[in-house]
Amino acid sequence: MIAQIIVDVPVNRTNRPFDYRIPAWLSPLIRVGSRVVVPFGPRKLQGYVTGITDEGTDFTDHARLKEVEQVLDDTPPLTKELLDMSEWMSKQYLCPWVTAVQAMLPAVLKGKSEKWLTATDDLDEDTCGNSGLLWELSRKRQLPLAEVEKQFPEEYLLVPGWIHSGLLATEYQVKDRITRKHQSFVRCLLGPEQLAEAIASLPARAEQMRRVLTLFSQHADQSFSMQMLRDEWGITRSPLKSLEAKGWLVIEQVEVYRDPYANRKFSDKAKPEFTPLQKQVLAPILSSIQNQEYAAYLLHGVTGSGKTEVYLEAIEKTLEKGQEAIFLVPEISLTPQMVERFKARFGADVAVLHSGLSQGEKFDEWRKIIRKQVKVVVGARSAIFAPFENVGLIVIDEEHESSYKQEETPRYHAREVALWRAKRNHAVLLMGSATPALETYALATRGRYTLLEMPERVGNRPMPAVHVVDMREELQAENRSMFSRKLHEMIADRLEKQEQMVIFLNRRGFSTFVMCRSCGYTMRCIHCDISLTYHKTNHTARCHYCGYTIAQPAHCPECQSEHIRFFGTGTQKVEAELAKLFPGIRVIRMDVDTTSRKGAHEELLSKFRKGQGDVLLGTQMIAKGLDFPRVTLAGIIAADTSLHIPDFRAAEKTFQLLTQVGGRAGRHELDGDVVIQTYTPEHYSIQHATRHDYRSFYEDEMLQRRRTGYPPYFRLVLLTFSHEDVPVVIRSAHTMADYLRQRLAETTILLGPVASPIARVKDRFRFQIMLKYRDEPQLSALLAQATAAFDEWNKQQKVLMTIDVDPYVLL
Ligand code: ADP
Ligand code: ZN
Ligand code: ZN
């Protein structure tokens, strides 16, 4: 038998399966999807089996093929579906196949971890036969595999067969600092009659021993953890040890999952009576689930309209059909609150995957999935790769969130992968948002997704009142503070009433646009209609899509004011200003600095929930998903910042942020206010956000996108080049541009090469090319070909090229 194997060398040259012979001793274990070790040149590499054939594909002499050396897992970590999906991803996102595979698996499987051989329950003294290894294992129950290979070199070759027949299993032992992997369990070795005799034979004062044995006589065949015996029955270690010495019971080490949510109580919240709107949107969703047919829904519901209850109901119905569900949330809204709602509803059926878990914890959650011990996965982007085999429903909450796009290879979008999975499984895809991505909404209006709308909040709670403050007028009124008079007044009012507020600083990494503080004028590219980026070194403003450059003016071209300069402020500055203006105010600041420690994010939120702060101050981080009953004011310090990032999605991002932040206020009994401070109150993204009018925003923004040629009218591909030497990277980018220009369809537009907005990272200079196209079926193939050509002419130079299909970050 021959296995086709992709190896862990993520470069183009090796991006295809290679043939290996399967030695007879490994054949019981090896499957399509298995992770293996193979020789590759002088090295030994990890690889994945993509196919098993009699013939092989290389037309070489079978005898000359190298052999698979090891199969690493008892059960293949890749299902057939995941394997196919990885192949599709490698074509779609132009990455090596093995890179796509690795994105699907927990990190533990990539690194070094110790492997142990363990005996299963089926192995006992009777099944050992005359094997020294089995004999040893029947006593010790587990041994490191490396030791087995050394001590029992001949029997080692029989191990795959024994695993196959269920006598043995292998386990990866991951060492985590916070590990709680094993617990002591007590198991009784006596039958009912022997037990009765044993109890009778105990001396009168052996109170604890009697209690233990009585417990076992009442619960035959059950084992109890030592911890539970101690906590609930007050039984200490020494009587257990004595009973073990008599040979009546055994104390065993049993693996338990590290559960990051252990010791936390989940309230059992009853299902609410659905509102008429919820019923209306649920009807078609549930019917698709019932019929097990592919369907894609976009649930557009305002903040607080009860979307989450809709998701929960859909998941419940999926599980009732005996199928599995994947629930994706943006990393940042995977809050304890969210997890709690799931655990309350689905209990132990839920696995949770997010970046806050240790590698061991992630691995444990993943194992629950592959062992079919859970039916629901709640997680961030990569949870879309959950190795379920009977997916009936995929939910994407806040589907517009950019965190669904992975910003490193493979540069996939979880929504696109979800769509692939839903189609493949005849499953339902349910995407929800208060502010759907333009691309998604456009497809919904064209019937590719079914649009479901929930335009009202649950219980007819009013949307918050939005006040837009024109900061230009503040300047004219001699108010140079970062707080407008309106916001100042409202903060004072909330402090007086002891209500809570969130203050949001709109800051997206990039604050070097040029703005006139007198009139709000910003400099934009005459060709691309995106904000020009300020360059300190030569005082120019430059377009990072096409390279258009002008000198930074000393006076505003609109109003002649000299208050024209680049713009930006930080959370610490806001915090200091708050403390100065409102002595004694309790501010909880959430930004990258205060939340980098594990668990800090949760702690700060819980402090705020308990009322230990008046103000929650933060960046993007606080905009989403949080639900605090006592928050009645949301303030946005500088709504414009996101409007002027050099990104064609700037207006969309601004609208989304303003809507999300506004959604934080007045969700419960108390009414809410939102104050938006801006230098451009007339901008349509701000105007429509003020009126909670997604549809009008969508229409205006679509006009812009059509006029300027951006998605959803055009699609983009971004090629980025980097190298330590400017001339080298420029030459490379130009060579590629020429290569592409000669081969692209006439309708495809090539912009650049031009310096990237972030022109230098870690001493590497960055240049980019952007492709805009409507319809170019051969583009993937052409780019794959271009990549191969690039590898040829770039052999010595070591220029790094990345290709981002449908990019989100254009920096
Ligand atoms: P969204 O996800 O759309 O922002 P949620 O699902 O979080 O909205 O619902 C907002 C609030 O309304 C939550 O506190 C939720 O418990 C409550 N809620 C949702 N549906 C109902 C209902 N049918 N009856 C009563 N309360 C509901
Ligand atoms: Zn001006
Ligand atoms: Zn331009």
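The values are calculated or read from the model by the stated rules, or taken from the named source; none is laboratory data. Keep in mind it's a predicted model, so treat the numbers as computed, not measured. Neighbour counts are summed over all protein chains in view; Cβ atoms, including those assigned to glycine, are modelled from backbone coordinates with ideal geometry. Just so you know, the surface numbers come from the protein's heavy atoms only, side chains and all, with ligands and any DNA or RNA stripped out. Shrake-Rupley method; radii C 1.70, N 1.55, O 1.52, S 1.80 Å.
On inspection, Thr708 passes the criterion of being of a type in the set (Val, Ile, Thr) and either within 26 Å of Glu439 (Cα to Cα) or open to solvent by 20 Å² or more (accessible area, probe 1.4 Å) (or both). Annotation note: Cβ proximity below 8 Å between a residue of segment 366-382 that is over 15 Å from Leu78 (Cα atoms) and a residue that is among the hydroxyl-bearing types (Ser, Thr, Tyr) (sequence gap 6+ or interchain) occurs for Ala380/Ser355; Ala380/Ser403; Arg381/Ser403; Arg381/Tyr404.
Of all residues in segment 357-369, exactly one satisfies the criterion of being among the aliphatic types (A, V, I, L, M) and part of a helix (DSSP H, G or I), namely Ile369.
Flag: Ile491 does not match the condition of being aliphatic (A, V, I, L, M), away from ligand 1 (no atom under 16 Å from the Cβ) and over 20 Å from Val674 (Cβ atoms). Those strands (runs of 3 or more DSSP E) of segment 668-775 in which 1 or more residues are within 23 Å of Ala541 (Cβ to Cβ) and free of Cβ contacts under 8 Å to residues at least 40 places away in the same chain occupy 749-761. Can you work out which of the residues in segment 522-545 that are of a type in the set (Val, Ile, Thr) and surrounded by fewer than 23 Cβ atoms within 10 Å (Cβ to Cβ) is nearest to Pro557 (Cα to Cα)? Filtering first and then ranking leaves Thr522. Taking segment 370-469 as the region of interest, the strands (runs of 3 or more DSSP E) fully inside it that hold 3 or more residues being more than 30 Å from Met490 (Cα to Cα), open to solvent by less than 30 Å² (accessible area, probe 1.4 Å) and within 16 Å of ligand 1 (Cβ to nearest atom) are 391-397, 428-433. The conditions of being free of Cβ contacts under 8 Å to residues at least 60 places away in the same chain, open to solvent by 60 Å² or more (accessible area, probe 1.4 Å) and farther than 24 Å from Ile369 by Cβ are not met by Glu87. Here segment 269-309 is the region considered, the condition is being free of Cβ contacts under 8 Å to residues at least 12 places away in the same chain and aliphatic (A, V, I, L, M), and the residue that is farthest from ligand 2 (Cβ to nearest atom) is Ala270.
Would you say Leu779 is open to solvent by 20 Å² or more (accessible area, probe 1.4 Å) and hydrophobic (A, V, I, L, M, F, W, C)? So Leu779 fails the test. Evaluating Ala24 against the criteria (1) more than 27 Å from the chain's Cα centre (by Cα); (2) surrounded by 14 or more Cβ atoms within 10 Å (Cβ to Cβ); (3) over 30 Å from Asp791 (Cβ atoms); (4) modelled with pLDDT of 90 or more leaves one unmet condition, (2). Only one of the numbered conditions (1) of a type in the set (Phe, Trp, Tyr); (2) at pLDDT 90 or above; (3) open to solvent by 20 Å² or more (accessible area, probe 1.4 Å) is not met by Tyr93, and that is (3). When Gly584, Gly568 are checked against the criterion of being away from ligand 2 (no atom under 16 Å from the Cβ) and modelled with pLDDT under 80, Gly568 stands alone in meeting it.
Applying the selection to segment 314-334, what residues are open to solvent by less than 10 Å² (accessible area, probe 1.4 Å) and either under 12 Å from Leu430 (Cβ atoms) or out of contact with any strand residue (DSSP E or B) (no Cβ under 8 Å at 6 or more places or on another chain) (or both)? Across segment 314-334, the qualifying residues are Ala314, Ile315, Thr318, Ala325, Ile326, Phe327, Leu328. Against the numbered list (1) under 24 Å from the mean Cα position of the chain (by Cα); (2) surrounded by fewer than 23 Cβ atoms within 10 Å (Cβ to Cβ); (3) modelled with pLDDT of 90 or more, Gly625 comes up short only at (3).
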